[in-house]
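The values are calculated or read from the model by the stated rules, or taken from the named source; none is laboratory data. Source: prediction; values computed, not measured. Here the Cβ positions follow ideal geometry from the backbone for every residue, glycine too, while neighbour counts run over all protein chains shown.
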Amino acid sequence: MGFENAIDAERVMKVLPKRFEKYKLELHPEKTKIVNLNSKRGEGERSFDFLGFTHYLGKSRKGKVILKRKTSKKKLMLAIGKIYDWIKQNRHTKLKDLIFYLNDKVRGHYNYYGITFNSKSIDSYYEQVKRSLHKWLNRRGGKPVWNWDRFEKLIYEWLPLLKPKIYHSYQSAKPS
């Protein structure tokens, strides 16, 4: 929950455990806390991770303070590691099939993490996927045949690798 006023947040934190008890639920003490995103550096947390995103305050193009989200570092590194291992394990698959299945995997990542203000993280993911694919294609046996120019023709022209895209824009959520 988000509040502009700290007093409102404290009031809700007092009532919330009682409401949860009513339904035989309880709040996890380590996962429930008040975070002041407006705090100055060194005065406490200025962000929090939730559902794979780091939530923090930033400024809009018009200079207004807004809540922004980006892929949490932990989840980004985990996703990069998983895709690296998957490419390594499947590098001997036919090239057409490898790119097809790889596109399914990156599409799933973009569908979840492709939100407004998160383009840097999904671009970083895309770059790491390209590097991993290049590395493991050159380790398919025999001498390396994928110099970077030829590899770019593969992923941009012959069998395109899905590029990052923002699928969930905060603009589309606004009522007109």
Residue in the range 96-106 that is loosely packed, with under 14 Cβ neighbours inside 10 Å, in contact with a Lys or Arg (Cβ under 8 Å, 6 or more places away or on another chain) and not in a strand (DSSP E or B) present: no
Residue pairs meeting the criteria (Cβ under 6 Å; at least 6 apart or on separate chains; first within 16 Å of Tyr101 (Cβ to Cβ), in the range 131-160; second buried (at least 16 other Cβ atoms within 10 Å of the Cβ) and aromatic (Phe, Trp, Tyr)): Ser132/Tyr84; Leu137/Trp146
Test: Tyr56 is under 27 Å from Glu127 (Cβ atoms) and in contact with a Leu (Cβ under 8 Å, 6 or more places away or on another chain): yes
Some residue of the range 69-85 being touching a helix residue (DSSP H, G or I) at 6+ places or on another chain (Cβ under 9 Å) and modelled with pLDDT under 95: no
Selection within the range 125-135 - more than 10 Å from the chain's Cα centre (by Cα) and not acidic (Asp, Glu): Tyr126, Gln128, Val129, Lys130, Arg131, Ser132, Leu133, His134, Lys135
Matching strands (runs of 3 or more DSSP E) fully within the range 1-86 where at least 2 residues are in contact (Cβ under 8 Å) with a residue 24 or more places away in the chain and of a type outside the set (D, E, K, R): 53-59, 65-71
Single condition Lys59 does not satisfy, out of (1) modelled with pLDDT of 95 or more; (2) loosely packed, with under 12 Cβ neighbours inside 10 Å: (1)
Test set (1) more than 30 Å from Tyr170 (Cβ to Cβ); (2) in contact with a helix residue (DSSP H, G or I) (Cβ under 8 Å, 6 or more places away or on another chain) - Lys105 fails condition number: (1)
Tally, over the range 110-146, of residues that are surrounded by 15 or more Cβ atoms within 10 Å (Cβ to Cβ) and part of a loop (DSSP other than H, G, I, E, B): 6
Residue count, the range 26-51 (criterion: over 25 Å from the mean Cα position of the chain (by Cα) and surrounded by 10 or more Cβ atoms within 10 Å (Cβ to Cβ)): 2
Matching residues in the range 1-29 - criterion: being under 20 Å from Tyr56 (Cβ atoms) and either modelled with pLDDT of 95 or more or out of contact with any Gly (no Cβ under 9 Å at 6 or more places or on another chain) (or both): Met1, Gly2, Phe3, Glu4, Asn5, Ala6
Selection status of Ser169, under 17 Å from Thr71 (Cα atoms), modelled with pLDDT under 95 and out of contact with any helix residue (DSSP H, G or I) (no Cβ under 9 Å at 6 or more places or on another chain): yes
Test: residue in the range 112-121 that is farther than 30 Å from Arg61 by Cβ and without any contact (Cβ under 8 Å) to a residue 60 or more places away in the chain: no
